[in-house]
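The values are calculated or read from the model by the stated rules, or taken from the named source; none is laboratory data. Quick caveat, the model's predicted, so the values are computed rather than measured. Glycine also receives a Cβ, built like all others from the backbone with ideal geometry; neighbour counts cover every protein chain displayed. Side chains included, ligands, DNA and RNA excluded: accessible areas come from the protein's heavy atoms. Shrake-Rupley method; radii C 1.70, N 1.55, O 1.52, S 1.80 Å.
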Amino acid sequence: MTWLDLPADTGFGPDNLPYGVFSTPGTSPRTGVAIGDRVLDLAAATHDPVHATGSLNAFMARGPAAWAAVRSRLQELIGDAAHRGDVEPHLLPQDAVTMHLPVEVADYVDFYSSRHHAENLGRILRPDGEPLPPNWTHLPIGYHGRAGTVRVSGTPVVRPSGQRKAPRDDVPTFGPTQRLDIEAEVGFVVGMPSTLGEPVPLRAFPDHVFGACLVNDWSARDLQSWEYVPLGPFLGKSFLTSVSPWVVPLAALEAARVNPPPRDHPLVPYLDDETHPWGLDITLEVRLNGERISRPPFGSMYWTPAQQLAHLTANGAALRTGDLFASGTVSGPERHQRGSLIELSWNGRKPLPLADGSTRTFLEDGDVVTISASAPGPVGTRIGFGEVIGQVLRAR
Ligand code: CA
């Protein structure tokens with residue numbers, strides 16, 4: 001349903017229309033929409049200055065009715081050949097533009113919502129205890145991260161230094177992490193703010209959340225394991241969080257909605273999602289230096305993004321436009337579905353074999369990690385998320 005000549009298998013068809021921020025040499029960053037292998041200059045095509053601000057925030061703050069109106073107008077513009085002459089001059093090849101961070105990130109929250117990931121980590125780190133802490137099946141565990149170090153795909157990850165102390169060491173030492181890892185996650189971007197003191201109910205998820213992107217929550221496991229008791233993740237996580245440049249509108253994920261897995265026991269009312277299930281059948285793919293090493297299934301997540309949003313506002317904490325909350329590492333039940341190297345290599349004890357005959361436990365300098373994803377769209381199409389990519393640079 002478009003006059004554009006798109007390959008049948010494009011993840012950026014007329015049912016997707018993800019938003020990003022791009023520039024060309026000598027021009028200012030502005031909003032674009034991905035269509036096939038091109039990007040539509042939304043500021044030029046619509047003459048609306050909200051799309052020329054260099055981030056999606058002002059547009060997202062207009063709210064769901066405005067999002068739906070622009071989406072519907074876009075589908076008209078690319079669906080009806082009568083508009084071809086007006087639109088075509090504003091279509092640029094994606095490989096000729098530079099992508100920027102799409103959102104001015106307000107607050108950043110990271111959850112821990114994959115049961116398989118949490119159980120794997122429990123078995124690795126606390127082999128003599130229960131794999132899940134007692135609160136895990138009652139609430140989506142999360143922490144507040146560092147919004148200022150969320151960067152767009154392509155930003156290199158400089159190997160961080162910090163305090164590390166192995167169990168056999170008497171005292172900690174300071175130096176480059178020896179256990180640099182990835183976490184393949186899905187992030188959700190808040191468009192509409194909420195009022196301080198007023199929780200956002202689960203059913204209001206689509207009134208506040210603008211769309212989804214991919215997240216790589218780079219993690220230094222040795223720094224993390226020494227610092228995290230009793231207050232949780234800090235410098236082992238805050239050096240960089242990478243996001244994909246395209247934000248897939250929530251409206252594009254309607255056909256991907258699925259029921260989450262059965263819960264162990266009834267949930268407290270604000271988390272009960274019986275009538276508003278927001279499981280999403282998104283399949284991630286993790287590549288290391290081009291070789292696929294994992295395919296984590298987001299549909300297997302125990303806690304949905306709607307439950308995460310309800311939980312993070314249950315105490316009356318207010319949402320701001322640009323808030324980003326990430327799912328936590330996505331891991332499925334199978335070995336080839338694990339979304340981190342600490343799981344894939346079982347904390348380094350079972351190195352991951354690679355196609356060239358080498359093995360990997362944690363990341364080495366020069367390694368390139370690419371996370372991509374897609375979800376079912378309407379009528380057999382696919383909704384692509386593009387990718388989030390990063391190369392490891394040696395410690396400075
Ligand atoms: Ca994480």
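Taking every DSSP helix (H) stretch of at least 4 residues in the chain, weighting each as -39,500 (n - 2.57) and dividing the sum by the residue count yields a mean residue ellipticity at 222 nm of -4000 deg cm²/dmol.
Spin-label model, Ala166/Ile124: points 7 Å from Cα along the beta carbon direction are separated by 1.7 nm. Taking every alpha-carbon pair under 8 Å whose residues sit at least 6 apart, the chain reaches a relative contact order of 22 percent. Let's test the formula: R0 of 45 Å, r as the Cβ-Cβ distance of Asp80 and Arg320. What FRET efficiency results, to the nearest 0.05? Rounded to the nearest 0.05, the efficiency is 0.75. Computed over protein heavy atoms with a 1.4 Å probe, the accessible surface of the chain works out to 43 Å² per residue. Once the piece of chain linking Arg349 and Leu139 is laid out straight, how much longer is it, given 0.36 nm per residue of separation minus the C-alpha distance between them? Between Arg349 and Leu139, full extension yields an extra 72.5 nm.
Taking the Cα atoms of the chain, the ratio Rg/Rh between the radius of gyration and the Kirkwood radius comes to 0.97. Element breakdown for the chain at a 1.4 angstrom probe: carbon and sulfur atoms account for 53% of the accessible area. Scanning residues 5 or more positions from Gly279 or on other chains, those with amide H under 5 Å from its amide H are Val258, with H placed 1.01 Å from N in the peptide plane. If you take all other residues with their beta carbon under 12 Å from the beta carbon of His90, and give Lys and Arg +1 and Asp and Glu -1, the sum is 0. Using Cβ point charges alone (K and R +1, D and E -1), the dipole size of the chain about the Cα centre works out to roughly 860 debye. Measure nothing fancy, just the Cα-based angle from helix 115-125's long axis to the longest principal axis of the chain, in degrees from 0 to 90, nearest 10. The two axes meet at around 30 degrees. Comparing Gly175, Leu284, Gly145 along the charge dipole axis of the chain, the residue lying farthest to the positive side is Gly175, per the Cβ-charge model. Could you tell me the center-to-center distance, by alpha carbons, between the stretch 197-265 and the stretch 128-177 in angstrom? First find each Cα centre; the distance between them is then 15 Å. Averaged over residues, the count of other Cβ atoms within 10 Å places the peptides 165-175, 213-223, 66-76 in the sequence 213-223, 66-76, 165-175, highest first.
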